[in-house]
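I have placed the structure first, in the form of structure tokens, so that the comments after it can refer back to it.
No lab work stands behind these numbers, since they all come straight from the coordinates. Given the structure is predicted, the values throughout are model-derived calculations rather than measurements. A quick note on method: Cβ atoms are made from the backbone with ideal geometry, for glycine too, and the neighbour counts reach across all protein chains shown.
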Amino acid sequence: MGIYLDHAATTPPDPRVLEAMLRHLREVRGNPSSIHSGGVAARNAIEEAREEVARLLGAEPQEIIFTGGGTEADNLAVFGLARAAGEKRHIVAAPIEHPAVRNAVKHLEAGGYEVTWLEVDAYGVVDPEAFRRALRPDTAFATVMWANNEVGSVQPVAELAEICRECGVPFHTDAVQAVGHLPVSVEEAPVFTLAFSGHKLYGPPGVGVLYVREGVELAPVSFGGGQERGLRNGTENVAGICGLGVACRIARAELEERMRHERELRDRIISGLTRIPGVSLNGHPERRLPNNVHVSVDGVEAEGLVLVLDAQGFAVGKGSACSSGEHKASPVLLAMGLGEREAFSAVRISVGRENTVEEVDRFVEAFSGAVAGLRELSPLRTG
Amino acid sequence: MGIYLDHAATTPPDPRVLEAMLRHLREVRGNPSSIHSGGVAARNAIEEAREEVARLLGAEPQEIIFTGGGTEADNLAVFGLARAAGEKRHIVAAPIEHPAVRNAVKHLEAGGYEVTWLEVDAYGVVDPEAFRRALRPDTAFATVMWANNEVGSVQPVAELAEICRECGVPFHTDAVQAVGHLPVSVEEAPVFTLAFSGHKLYGPPGVGVLYVREGVELAPVSFGGGQERGLRNGTENVAGICGLGVACRIARAELEERMRHERELRDRIISGLTRIPGVSLNGHPERRLPNNVHVSVDGVEAEGLVLVLDAQGFAVGKGSACSSGEHKASPVLLAMGLGEREAFSAVRISVGRENTVEEVDRFVEAFSGAVAGLRELSPLRTG
Amino acid sequence: MYRPELIEHLVRPQNVGELSEPDGFGESGHAACGDVVRFTVRISNGTVAAVGYKAYGCAPCIAAGSAMTELIQGESIIRAAAISREDLRRALGGELPEGKEHALTLVLDALHRALEDYWNREAEEADLVEGYRG
Amino acid sequence: MYRPELIEHLVRPQNVGELSEPDGFGESGHAACGDVVRFTVRISNGTVAAVGYKAYGCAPCIAAGSAMTELIQGESIIRAAAISREDLRRALGGELPEGKEHALTLVLDALHRALEDYWNREAEEADLVEGYRG
Ligand SMILES: Cc1ncc(COP(=O)(O)O)c(C=O)c1O
Ligand SMILES: Cc1ncc(COP(=O)(O)O)c(C=O)c1O
Ligand code: FES
Ligand code: FES
């Protein structure tokens, strides 16, 4: 197996997570809605996991809703808050949101909502004062992500949430990239709702969370057996939920060490890559995810670079994982003021628990070689 | 571990399914949207699973949409068909639908759709002629489940779908209880959409399928990265999807043997239980799921019976798994003409692959004893 | 969902049955849920000498009836009548699931009716003896 | 996503570079995607004696350029010019993903321009030799 440097796209599940999942898949027999002891065991396992998740966020267990993924959690927040807001039909959103939020908001916009798309600075960061000015009496909700999945910039979410609380506007944050990688506390950031996804913090795929602050009203967007307080209907993915509980427990216990390790590798990569002429870092130099490196490589298109590195055993990402199949410049990078060509030349390297200093050093060397090779190929530089 | 007779609520995953899931969880590193080889491997694994699923249904791979569960698939069909139907605002539905369909249709009804709730006979079966009469030029879609999750009656879905095709009305069927337990073919039943759920056919929890016939238009109900043709957004649950592929492959290979085995056990239980005075079978005597036994026990409330059996090591279900937490008579049983008391006295026994003749014989004996004990307790019989 | 103490009472209910010629008979039914509990008691020297119960209904209802028979057995009528909702709840291991608390109401009510029945009979007997008619 | 043949051309592109004083020079760019391919060819005795290519763009574009150099190397100009979209596709292992087919167009176009350039120069030279001016 090669060297995996694409943790922002998905993280391999922690072996302890797998073990917990497997235990449930093998041993627990029963639908959590069933009243026999197998059902009760399944129900209890879910409630234990809910406590672990709550603990990681500084929340109460009853504020945790398990969903089928990060996108589902984001969609539930966006549509649930909008529909619960009645006559209010104005939304404030950042242009750098993940498609799970951005496209949901756009769907509302197409349906008649008025949306104020905030500006971001060259680092992709929202200005709290501009944010405050955008809020209106008829604002149904505002949403700004905790940390960006492409360039890794961390937003001043605690401040934004506080502004919203003062103004009485519901505030949602997409914390999919942040939870398990940064301290995320709903005590410190008075958000109304917060979404994250299991497979981004060494948890299982196919399970996510929406934190819903006590007292916040969400209109249901799915219908069925009434699971998760009627907000996420359907038989619970017990094994996945238990795995996520374990992932959250581990994240809480190991967060500091994880961050220290990731920062070390990240900074090593940043300094190695930016030494190559024409390679520049995107996103905020300090206020960024501990595991994220995002660079534009002058004169090289990202796709070829990613594939050449892949052939050498290094897995990195181009653009955003979710739309990387298409040849479209990322709206995030465009919003930050990058040109199309810079956007197409962007590569994302995201480190993880299991990476080593030696691996990232080898990576920097390979990267340098691959860039040189592709530049030699380019008709643009050596006309 | 006791004897599990609640397979209609959820099935324990087949060991071969677990093996496939585990292989992916351990070995595949990459988001299916990523272009490096880990991502490509994940993508390929999904497409292989899609082929297995298609093969089981007699469908084409591109007609298969992976979702986060059966409820999600049902919701997608109901809302997707309704929104794609434009001005048409009439719906035809059976009153015996699972809440995943029933509550979604009720939500539309509350929003202004007109719904014709069909009648069912004493077995819970829809009459095709009445169904035909219910269809109108402004019918957005009609929906009748393949087989009922409580009483096990199988509907004449092929006939209903054919009527819809003649009339040009989209037809959805919830086949969650049928797929993997009965032959289900979209060639023989010209349905527009068909939903099922992994954890009901020895597959993984948290993954479902919506079959969408080529050319059928569905409006999206979730928004994000555009996965699953934009119909189910969010990073795919690769391990779950692969597990489901394996479950479908196994179901196709072993369906006949599975049905033969289940029918034998089912019939043994039916004849054993109905020999007890005051115990009567609900649902259709012949056209029923091979694994389903559903009885009302005169003079006994189901909850106590289920728990007494559980204490003796037998896991069975009361009412419908999805609402069994509440003390409300099942709408399915009421629609079939049962009284409240008969409804509350209903117990569902659903056998599976791993059950043996010896187990079900022991169960019949335990059941008989538990009923006798509870009846002795009852003030209603020996006034 | 239910505590082990409750399950134990459900699976092995105590004092099931109906005393023949009881000193007190009490029955209570809950219209909404259709559950019914019946107590028969024998009183001697002001204490509960024997008790029988029958129940039709949900698990907490059956279990609470059984738990109640154990709580009152051998107690003075006064103390039996004073057994609280909380005592009964505790005997079942604690809190009942939401929406199941009325099982306790039902059982308390049925017992109170049985004790009342005894008092009424006593009063009647006293009347007969004293030949008093108000 | 991409076939191994394509990846191979991407990772080890053949005939990279620019011939000095080429007999033909052709470049093509796709406005929408910004990709550019450039061919330089040396022709001797009516066959492609040498070819150099450069490319900026997506992976199929880079790989198709490389594959094309191998296909035309040593071929007569006529046969080089006749290489089809399908030939090129085949050399890359088959179908390209949806939306990537224009990489083939780009490469074919750039080659045709290089060959045209050669023909034009030849024609010009012939003119010069024959002293003919139309
Ligand atoms: C007939 C039927 N439809 C839909 C569902 C919902 O499936 P899931 O719980 O997997 O979302 C179920 C199972 O609970 C069912 O039995
Ligand atoms: C910031 C952000 N939000 C939302 C999502 C969506 O999560 P999922 O793909 O698990 O649905 C992702 C990941 O793809 C993400 O990075
Ligand atoms: S449900 Fe009413 S007392 Fe049992
Ligand atoms: S994307 Fe246009 S040729 Fe590569």
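Build a GNM of chain B with springs between Cα atoms under 10 Å apart, and of B:SER350, B:SER296, B:SER368 the one that fluctuates most is B:SER368. Using θ = phi - 60° in the Karplus curve 6.51 cos²θ - 1.76 cosθ + 1.60, the 3J(HN,Hα) couplings for region D:16-33 round to 6, x, 9, 5, 7, 6, x, 7, x, 9, x, 9, 9, x, 9, 4, 5, 9 Hz; x is entered for Gly and Pro. Placing a label point 7 Å from the Cα of C:TRP119 along the Cα-to-Cβ direction, the distances to the matching points in the other copies come to 11.7 nm, shortest first. By the count of other C-beta atoms within 10 Å, a proxy for reagent exposure, A:LEU22, A:LEU81 are ordered fewest to most as A:LEU22, A:LEU81.
Just B:ALA104, B:ALA94, B:ALA161 to compare: in a GNM of chain B, with alpha carbon springs under 10 Å, which one fluctuates most? Largest GNM mean-square fluctuation: B:ALA104. Note on chain A: with a GNM built from Cα contacts shorter than 10 Å, the maximum mean-square fluctuation among A:LEU255, A:LEU25, A:LEU56 falls on A:LEU25.
Here's how it looks for B:ALA147: its modeled amide H is under 5 Å from those of B:GLN155, B:GLN177, B:ALA178, which are all 5 or more places away or on a different chain.
Of the DSSP beta bridges with both residues in region B:45-165, give the percent that are antiparallel, rounding to the nearest 5.
Details: 2 of 10 bridges.
Within region B:45-165, antiparallel bridges account for around 20 percent of the total.
In nanometers and ordered shortest first, the copy-to-copy spacing of the B:ALA122 label point, defined 7 Å from Cα toward Cβ, is 8.2.
With a 10 Å Cβ neighbour count serving as the proxy for reagent exposure, in which order, fewest first, do A:PHE66, B:PHE141 appear?
Values: A:PHE66 27, B:PHE141 24.
The order, fewest Cβ neighbours first, is B:PHE141, A:PHE66.
Helix A:99-110 and the long axis of chain A differ in direction by around 70°, with both axes built from C-alpha atoms. Cross-link candidates for A:LYS328: which aspartates and glutamates have Cα within less than 15 Å, leaving aside residues fewer than 8 places away along the same chain? Reachable aspartates and glutamates: A:GLU150, A:GLU301, A:GLU303, A:GLU340, A:GLU342, D:ASP35, D:GLU98.
For the protein assembly as shown, DSSP calls about 70 percent of its internal beta bridges antiparallel. In straight-distance terms, cross-link reach from A:LYS106 covers every one of the aspartates and glutamates whose alpha-carbon lies under 15 Å from its own, apart from those fewer than eight places away in the same chain; here that gives A:ASP74, A:GLU97, A:GLU114.
Across the identical copies, the 7 Å label point of A:ASN44, projected outward along Cα→Cβ, sits 4.4 nm from its counterparts, in ascending order.
Between the residues A:VAL279, A:GLY30, A:ALA147, the greatest Cα displacement towards the positive end of the dipole of chain A, with unit charges on the Cβ of Lys, Arg, Asp and Glu, is found for A:GLY30. When chain A is turned onto chain B, its residue with the beta carbon nearest the axis, and that distance in whole angstrom, is A:GLY68, 1.
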